[in-house]
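> Please see the structure below; I have some questions.
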Amino acid sequence: MPTLDWIGKDKVINHHMDVPYRVLDAQYEYGEADGNMIIYGDNLSALKSLLPQYEGKIRCIYIDPPYNTGNEGWVYNDNVNDPRIRKWLGEGGGCEGEDLSRHDKWLCMMYPRLKLLHKLLAEDGVIFISIDDNELYNLKMICDEIFGSSCFVANIGWQRTYSKRNDSKGIMAEIEHILVYSKSEEWSPYKLERTEDMNSSYEAIDGDSRPWSSVTVNAPGAATHTGMVYAIQHPITGELLYPPIGRCWSFGQPQMLEQMQEWAEYQLVDIHDYDKRFEICNNAEKTPQEICAIMMVDSSEEARAKVKAKYDLGLEKKYSWPLLYFTNKGKGGLRRKQYLEVSTGRVPTNLWPHSDTGHTGEAKNEVALLFDGKAPFDTPKPTRLIERVLQIATDKNSIILDSFAGSGTTAHAVLNMNKQDGGNRKFILIEMMDYADSITAERVKRVIDGYGEGKKAVEGTGGGFTFYELGDTLLDGEYLNENVPLDKIRSYVYFTETKQAVTDKADEPYFLGEYYDTAYYFYYDKNEVTTLDREFLHMVKTKADSYVIYADKCILSDEELEKFHITFKKIPRDITRM
């Protein structure tokens, strides 16, 4: 698979592993938080901090990163020359001294963040990334590398504007892109609700009491489904009907025979038509030498006339045709009824018009209404756009992550969806700019409580969140940072061992949990040196096949460790760096 190279790539390709793990410090809670989070801080560090609790658990990620247009002066500075990004590139990214172009810098910024987002994504999860033409193709290349080209789902064209500007030079940019990648190749989107337009095409042209639409009764794949290629005798004309070349019947032969019996009496007969079937199967070698045709028992002119009379009664609305019927006043090909009541929803496409998903003007008006007529954020996305993402990518209990949160549209959309369908979706927002509290969190508060006045008033959604800032690093150089709360340390250690959450036991304060018949203990006290010895072993109450025990030192012999199936790990030397 082709990969993209740029100046600085070698410094950032594994940089996500070198980012120090920092704990999240809760600053305040608003409403009924229920697991919703807004995090203020560098999203690279924040994503790393989410791993112990959320690795492999995020169902849907939406991000709207800087587009790298070169424009400056916006509240959300759309340029990788933003001082915080420059600082990260110089001090964290390890690219100091390199002669990086604007595109190199953007790729250095995005690559490690996408690596961590991939780790957080669930196996049945999907990521949506908004972008414009400036970095579209670079982004596609690094996403192919990180997520896998086989997990590419779509390049969605979102119609961002509804007004046409005649003064534009060249070809006006009417759409932005949303690149979509799944964690696994089997991912499939949920279907959208059917539209009235779609339903209006359903109408029974026979005497059926249920509205239906006409669909084909053949499918591609004749070469691989050769047993589903055979003749069916037309009950009115007497002609032999076959699927088109390269296609096969949609149903198995027993089901097709059963349906044809609704028109007349049929039987299976070998008519020795191998050459015809061989041609339809694209000369596939495994075409059966013998396969029966579905033939009328009585194909006389009189018998066929009776079927035609049945058909005509249908046209007069006096008879309901069987599931399979014939076109062209009964003399044409075979079709199938598709009833409206069993028709599934609308399959999403890669074109999202502004009429369905909003536009930039709508988004600015939303934010202005939220902030008393003033729009403190120049580049929001419309709530309807993110709601469309949630409709096709989440269920009622999904966790949704946005690590370039901006004005907080993603949380707004999640709260709206939960109110509409009674769902319990959770959101995690990360914003590195100073307005994380004054704009991002403030918008979410107003959505929760309700906003606007008079006819424009919008009822609150309810809900809540906890606002976090990035706290201390877990490891201070080679030492364990004693300022970090013990529960955060325990969670980190157990996660690095098992990817599981800690199990607390009141009678075993050092117990972390049991996983695959191994019990884990973290024997730590910041005020004194802990020792794995016989005395500590008497405190171990959980029976397991083996044990992993962390302590400052160990005085048990190798023979004793082997006898009791203990793996000793020294604090902090043997604590894994994520």
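> Filter segment 35-57 down to residues that are among the hydrophobic types (A, V, I, L, M, F, W, C) and under 20 Å from the mean Cα position of the chain (by Cα) and give me whichever is farthest from Val12 (Cα to Cα).
Pass one, segment 35-57, residues among the hydrophobic types (A, V, I, L, M, F, W, C): 37-39, 44, 46-47, 50-51.
When the remaining residues are screened for being under 20 Å from the mean Cα position of the chain (by Cα), the result is 37, 47, 50-51.
Values: Met37: 28, Leu47: 16, Leu50: 20, Leu51: 19 Å.
Going through the qualifying residues, I end up with Met37.
> If we scan segment 551-564, do we find a residue that is under 30 Å from Tyr28 (Cβ atoms) and modelled with pLDDT of 95 or more? Show your work before the answer.
The first filter runs over segment 551-564 and keeps only residues under 30 Å from Tyr28 (Cβ atoms), leaving none.
For segment 551-564, residues under 30 Å from Tyr28 (Cβ atoms) and modelled with pLDDT of 95 or more: absent.
> Within segment 428-435, does at least one residue satisfy the condition of being of a type outside the set (Phe, Trp, Tyr), in contact (Cβ under 8 Å) with a residue 24 or more places away in the chain and out of contact with any Gly (no Cβ under 9 Å at 6 or more places or on another chain)?
Among the residues of segment 428-435, not one is of a type outside the set (Phe, Trp, Tyr), in contact (Cβ under 8 Å) with a residue 24 or more places away in the chain and out of contact with any Gly (no Cβ under 9 Å at 6 or more places or on another chain), which makes the answer no.
> Could I ask something else about it? Quick check on this structure: which one of Gly8, Gly41 is surrounded by 12 or more Cβ atoms within 10 Å (Cβ to Cβ), of a type in the set (Gly, Ala, Ser) and in the same structural domain as Tyr111 (by TED's automatic domain parsing)?
Gly41
> Okay, next question. Quick check on my filter: what residues within segment 443-469 are among the aliphatic types (A, V, I, L, M), surrounded by fewer than 21 Cβ atoms within 10 Å (Cβ to Cβ) and farther than 13 Å from Lys419 by Cβ?
The one that is among the aliphatic types (A, V, I, L, M), surrounded by fewer than 21 Cβ atoms within 10 Å (Cβ to Cβ) and farther than 13 Å from Lys419 by Cβ: Ala457.
> In addition: Evaluate segment 420-433: report whether one residue or more is of a type in the set (D, E, K, R), in the same structural domain as Leu116 (by TED's automatic domain parsing), over 23 Å from Asp42 (Cβ atoms) and over 25 Å from the mean Cα position of the chain (by Cα).
Within segment 420-433 (the criterion being of a type in the set (D, E, K, R), in the same structural domain as Leu116 (by TED's automatic domain parsing), over 23 Å from Asp42 (Cβ atoms) and over 25 Å from the mean Cα position of the chain (by Cα)), the answer is no, since none of the residues qualifies.
> Determine if segment 437-453 includes at least one residue that is in the same structural domain as Lys526 (by TED's automatic domain parsing) and part of a helix (DSSP H, G or I).
The answer is no, given that none of the residues of segment 437-453 is in the same structural domain as Lys526 (by TED's automatic domain parsing) and part of a helix (DSSP H, G or I).
> Counting just the residues of segment 476-499 that are surrounded by 17 or more Cβ atoms within 10 Å (Cβ to Cβ) and either in the same structural domain as Met433 (by TED's automatic domain parsing) or of a type in the set (S, T, N, Q) (or both), which one comes out farthest from Ala519 (Cα to Cα)?
Within segment 476-499, the match that is farthest from Ala519 (Cα to Cα) is Asn481.
> Right, here's the next one. Of all residues in segment 98-145, how many are more than 23 Å from Arg388 (Cα to Cα) and of a type outside the set (Asp, Glu)?
Going through segment 98-145 one residue at a time, the tally reaches 21.
> Return the pairs, sorted by first residue and then second, in which the second residue is exposed (fewer than 14 other Cβ atoms within 10 Å of the Cβ) and modelled with pLDDT of 95 or more, the first residue lies in segment 244-262 and is small (Gly, Ala, Ser), the beta carbons are less than 6 Å apart, and the residues are 6+ apart or on different chains.
So the pair list comes out empty.
> Another question, then. Would you mention how many residues in segment 556-572 are part of a loop (DSSP other than H, G, I, E, B) and surrounded by 11 or more Cβ atoms within 10 Å (Cβ to Cβ)?
Count: 5.
> Scan segment 343-378 for residues that are more than 19 Å from Asp449 (Cβ to Cβ), at pLDDT 85 or above and among the hydrophobic types (A, V, I, L, M, F, W, C) and jot them down.
Passing the criteria: Val347, Leu351, Trp352, Ala363.
> Hey, another quick one. Is it true that some residue in segment 413-428 is among the small types (Gly, Ala, Ser) and in contact with a helix residue (DSSP H, G or I) (Cβ under 8 Å, 6 or more places away or on another chain)?
Yes, there is a match, as at least one residue in segment 413-428 is among the small types (Gly, Ala, Ser) and in contact with a helix residue (DSSP H, G or I) (Cβ under 8 Å, 6 or more places away or on another chain).
> Taking only segment 289-313 into account, find how many residues are free of Cβ contacts under 8 Å to residues at least 12 places away in the same chain and either part of a loop (DSSP other than H, G, I, E, B) or under 50 Å from the mean Cα position of the chain (by Cα) (or both).
Residues that pass the stated criteria total 1.
> Which one of the conditions (1) part of a loop (DSSP other than H, G, I, E, B); (2) out of contact with any strand residue (DSSP E or B) (no Cβ under 6 Å at 6 or more places or on another chain) does Phe404 fail to meet, given that it meets all the rest?
Checking Phe404 against (1) part of a loop (DSSP other than H, G, I, E, B); (2) out of contact with any strand residue (DSSP E or B) (no Cβ under 6 Å at 6 or more places or on another chain), the one that fails is (2).
> Taking segment 540-555, which residues are more than 20 Å from Val529 (Cα to Cα) and part of a strand (DSSP E or B)?
Matches in segment 540-555: Ser546, Tyr547.
> Name the residues in segment 171-204 that are in a loop (DSSP other than H, G, I, E, B), within 22 Å of Pro66 (Cα to Cα) and small (Gly, Ala, Ser), would you?
Passing the criteria: only Ala173.
> Moving on. Just to check your reading of the model, which residue among Gly227, Gly238 is in contact (Cβ under 8 Å) with a residue 40 or more places away in the chain, farther than 29 Å from Lys286 by Cβ and assigned by TED's automatic domain parsing to the domain that holds Lys329?
Values: Gly227 fails: farther than 29 Å from Lys286 by Cβ.
Going through Gly227, Gly238 in turn, just one is in contact (Cβ under 8 Å) with a residue 40 or more places away in the chain, farther than 29 Å from Lys286 by Cβ and assigned by TED's automatic domain parsing to the domain that holds Lys329: Gly238.
> Turning to a different aspect of this structure: Taking segment 253-280 as the region of interest, how many residues are farther than 22 Å from Leu324 by Cβ and under 44 Å from the mean Cα position of the chain (by Cα)?
Total satisfying the criteria: 2.
> Counting just the residues of segment 517-545 that are of a type in the set (Asp, Glu) and closer than 17 Å to Glu497 by Cβ, which one comes out farthest from the chain's Cα centre (by Cα)?
Top of the filtered list is Asp545.
> Given (1) within 31 Å of the chain's Cα centre (by Cα); (2) in contact (Cβ under 8 Å) with a residue 60 or more places away in the chain; (3) surrounded by fewer than 18 Cβ atoms within 10 Å (Cβ to Cβ); (4) in a strand (DSSP E or B), where does Trp158 come up short, assuming only one miss?
Only one criterion in (1) within 31 Å of the chain's Cα centre (by Cα); (2) in contact (Cβ under 8 Å) with a residue 60 or more places away in the chain; (3) surrounded by fewer than 18 Cβ atoms within 10 Å (Cβ to Cβ); (4) in a strand (DSSP E or B) is unmet by Trp158, namely (3).
Conditions tested, residue by residue: (1) closer than 27 Å to Pro382 by Cβ; (2) surrounded by fewer than 16 Cβ atoms within 10 Å (Cβ to Cβ); (3) touching a Leu at 6+ places or on another chain (Cβ under 7 Å).
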residue: Leu139; (1), (2), (3): yes, no, yes
residue: Ala173; (1), (2), (3): yes, yes, no
residue: Lys183; (1), (2), (3): yes, no, yes
residue: Glu203; (1), (2), (3): no, yes, no
residue: Trp212; (1), (2), (3): no, no, yes
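> Still on this model: How about segment 271-288: which of its residues are without any contact (Cβ under 8 Å) to a residue 60 or more places away in the chain and out of contact with any helix residue (DSSP H, G or I) (no Cβ under 6 Å at 6 or more places or on another chain)? Outline the logic, then answer.
Within segment 271-288, the subset without any contact (Cβ under 8 Å) to a residue 60 or more places away in the chain is 271-281, 283, 285.
Of everything in segment 271-288, those that are without any contact (Cβ under 8 Å) to a residue 60 or more places away in the chain and out of contact with any helix residue (DSSP H, G or I) (no Cβ under 6 Å at 6 or more places or on another chain) turn out to be Ile271, His272, Asp273, Tyr274, Asp275, Lys276, Arg277, Phe278, Glu279, Ile280, Asn283, Glu285.
The values are calculated or read from the model by the stated rules, or taken from the named source; none is laboratory data. Please read all numbers here as calculations on a predicted model, not as lab measurements. No Cβ is skipped: glycine too gets one built from the backbone with ideal geometry, and neighbour counts run over all protein chains shown.
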